Amino acid sequence: MRNLYRGLRNVWRNRSRTVIVLGILSLAACLGLVMLAVEEGIGSQVRRLEQQVGTIIEVRPAGAYGMMAVTDTLLPPSMVEEIAAMDGVAQVSPYVVGRMSPLTGLRPGERGGRRLVFGVAPGGELTVMGGGQVEVTAGRNLEPEDAGRAVAVIGSRIAELEELDLGDEILIENRPFSVVGIHESGLRLAAMTVFIPYDVALDVFGLDGLSQIYVRADSIGYVDPLREALIARYGDTVDVIAQKDNLMARLEDSLASLTSASRLGLVLSLLAAGVVVFGTMFLVVRERAREIGILKAIGAGRRDILLQFGSEAVFLSLLGAIVGLGLFAVMGPALASTVQQVTAVQAPTALPRGIGEFGALPRPGAVPGGTQIFRAGMAMAIGTVEVTLTWALAARAILGGVALGLAGGLFPSLMAARLKPAEVIRRD
Amino acid sequence: MTDKVITADRLTKSFRFAGQTVQALREVSFHVDRGSLTAIVGPSGSGKTTLVNLIGGLDNPTSGELWVDGVPVHELPESRLTDFRRRKVGFVFQFYNLIPNLSAIENVALPLEFQGVPRTRREERAAECLAMAGLPAERYRHPPGRLSGGEQQRVAVARALVHGPAIVLADEPTGNLDSAMSATIMDLLRALARDHGTTVVVVTHDHQLARRADRTLNIEDGKVRGVHERRTEGSTDCG
Ligand SMILES: Nc1ncnc2c1ncn2[C@@H]1O[C@H](COP(=O)(O)OP(=O)(O)OP(=O)(O)O)[C@@H](O)[C@H]1O
Ligand SMILES: [Mg+2]
């Protein structure tokens, strides 16, 4: 006990050095904590996302490669009612995809072919490609009573190009639709879309079926039975894909750079702190060699010396961790967002909100720009991870501090314990 | 009763340094009576420090035998030497060598800490020894840096005897003090030997001081050149 107490007191023997060392240690601890917090935050966001998106099952015509692929086979509209009656189904979202004739007045690079019309169940959230949610910024969303009515919610870019306003008419396949709402999204692709009720879409495009159906299960536990039931019922005519199965792999793929950067940062800051503890204790032992000899002469054993210097190293490192926690509390959030900005996935600056809240994520490569949309969706869904000082983080910092003190102080303390008293007392 | 607390028999110590061998002690034989004050004198480099380091178990002899209070010190491995120092030996050094960030009384209590003596008992005993060494009570809580050289050496003497060792070894304890203070410290050590039956061995350059000892061991070039007994005023060659 007394050995530990002396170790604690000795931390303050050389105050200016201790202050400098603590400064370095606490900075390293703070950085390490930021990395840890960012990584953890991403992990929990991913789990949250998995919970949300993981309940989605995609039903599409057999062989269709993604919902953008124009296939001859479509899903019979009656499937919507049938699936809705199945066990564990929370919601069924039919999708009809059609294209509008090219626009005039496009910017270079803006392709008219991308002007998509989505036929959706009126009353639900508007999501582009089943992924990115858009926000109705003027007028209103489609409502259940809109079923069968020629009403449309159009993207802001279309409104701009065609100089359309609420109440105006837009022609889709030569049929006039009344503009009831305008939706906004930073993604250019989304700003070029139109939403209409799906039954009207079937009619307008002369289709006898749906492009795709998204089924949301009541909970993740229903996903597997539901998928089995869907396969049993519709067999070879449809492909049934549960989002949860390939979601994690894709998420991890697109977050790999951020995760590996934060791991590297964590390892580097731990290493730096370890070297500082080691170096400081090494100097301390050399400086106090004579005193160690005296302590041994008056009865201190190797164990006493080991404990005294070991505890000095641990206290020093622990103090660094505690001050680091304080620094983290003050500047952790700012540092965390900087780290995320530096290492974040390359994404368009403004993005549709709420990807992953309902609907599937488009498969990269299924459509031109699909990968980009997917990554953009990921970055947006993950968002900027908010870091806060939690008890778990504090406990890790404390444990880390102790471990680092033990690791960095071990060799110098052993060196101290092995000093030969006669030799070091002789040195002047 | 002539109980021999230290017996050295052809004690030899050589150092190897930079490929050369230095013979610091060459077959030194002598003995020290329990409760006596022995002075070791001799020119610089004659091997005085080497000798007290061996007696105190700070170093191992190259050859020969050394018995201290019934313990064969020459045979002890490092782990047993620690125990030997802890129980049997008290040290006083030339430069006081107190721990700078511990108070006087904490410094004195250190050897008891290493023995595992409980706190209150330690403090009592340390205060007792400081009083015996003549440090004013109001200075017990002061750090060494606030004490004069003489006061520091009083603290060092108290620290050397706090655990009731069989022998107290002092290597030039007065080397840094003026003559009056030197005499005081020497008297303190002598009183210690006389009143507590502690055996004291003092290395000194000062022949005036050596004269206060019961016996003087004269060392030259790693050998005992002569032993001077105060009572008999005689001198015997022994080497
Ligand atoms: N660790 C060592 N390595 C090499 N030589 C040493 C070592 N320790 C002592 N010596 C040598 O042994 C001899 C005796 O040294 P010692 O310190 O015992 O002398 P001393 O009588 O105490 O001298 P002083 O009066 O100056 O203190 C010297 O020649 C010294 O250089
Ligand atoms: Mg000497």
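The values are calculated or read from the model by the stated rules, or taken from the named source; none is laboratory data. Small disclaimer: the values here were computed from a predicted structure and weren't measured. A quick note on method: Cβ atoms are made from the backbone with ideal geometry, for glycine too, and the neighbour counts reach across all protein chains shown. Surface accessibility is based on the protein's heavy atoms, side chains included, excluding ligands, DNA and RNA. Shrake-Rupley method; radii C 1.70, N 1.55, O 1.52, S 1.80 Å.
Centre-to-centre, using Cα atoms only, region B:116-140 and region A:382-421 are separated by 38 Å. Between A:ALA85 and A:GLU228, residue separation times 0.36 nm minus the direct Cα-Cα distance comes to 50.0 nm. Neighbours of B:ARG87 by Cβ distance under 13 Å: Lys/Arg scored +1, Asp/Glu scored -1, total +2.
Sparsely packed loop sites in region B:123-186 (the trypsin sites (Lys or Arg not before Pro) outside DSSP H, G, I, E and B with at most 16 other Cβ atoms within 10 Å) comprise B:ARG141. Distance between the modelled labels on A:ARG286 and B:ASN101, one decimal in nanometres: 2.0 nm (7 Å Cα→Cβ projection).
The charge dipole of region B:1-124, taken about the Cα centre with unit charges on the Cβ atoms of Lys, Arg (+1) and Asp, Glu (-1), comes to about 120 debye, rounded to the nearest 20. The charge dipole of chain B, taken about its Cα centre with unit charges on the Cβ of Lys, Arg, Asp and Glu (plus for the first two, minus for the last two), comes to roughly 280 debye.
Cα centroid separation, region B:5-81 to region A:153-185: 105 Å.
The calculated FRET efficiency for A:SER178 paired with A:ALA395, based on their beta-carbon distance and R0 = 56 Å, is about 0.40. Note the angle between two axes, namely the Cα long axis of helix B:119-133 and the longest principal axis of the Cα atoms of chain B, as a number of degrees from 0 to 90, rounded to the nearest 10. The helix B:119-133 is inclined about 70 degrees to chain B.
Kindly work out what percent of the DSSP beta bridges joining two residues of chain B are antiparallel, to the nearest 5.
Taking every DSSP beta bridge with both residues in chain B, the antiparallel ones total about 60 percent.
Rounded to the nearest 10 square angstrom, A:ARG427 shows an accessible area of 130 square angstrom against a 1.4 Å probe. Sorting B:SER46, A:SER178 by accessible area puts them as A:SER178, B:SER46; the probe is 1.4 Å, largest comes first, and only protein heavy atoms count.
For B:THR7, neighbours were defined as the other residues whose beta-carbon sits under 15 Å from its Cβ, and their charges (Lys and Arg +1, Asp and Glu -1) total -2.
Going from most exposed to least, what order do B:GLU65, A:GLU163 have by accessible area with a 1.4 Å probe?
Ranked list, largest accessible area first: A:GLU163, B:GLU65.
Give the shape of region B:53-114 as rounded, prolate or oblate, defined through the alpha-carbon gyration tensor: a ≥ b ≥ c are the square roots of its eigenvalues, a/c under 1.5 means rounded, and otherwise the shape is prolate if a/b is larger than b/c and oblate if not. Since a/c reaches 1.5 and a/b is larger than b/c, the shape of region B:53-114 is classed as prolate. Taking A:ARG216, A:ARG157, A:ARG303 and ordering them by how much accessible surface each has at a 1.4 Å probe, largest first, produces A:ARG303, A:ARG216, A:ARG157. The spacing between region A:298-328 and region B:171-198, judged by their C-alpha centroids, is 38 Å. Over chain B, dividing the summed -39,500 (n - 2.57) contributions of all DSSP H runs of at least 4 residues by the number of residues returns a 222 nm mean residue ellipticity of -10500 deg cm²/dmol.
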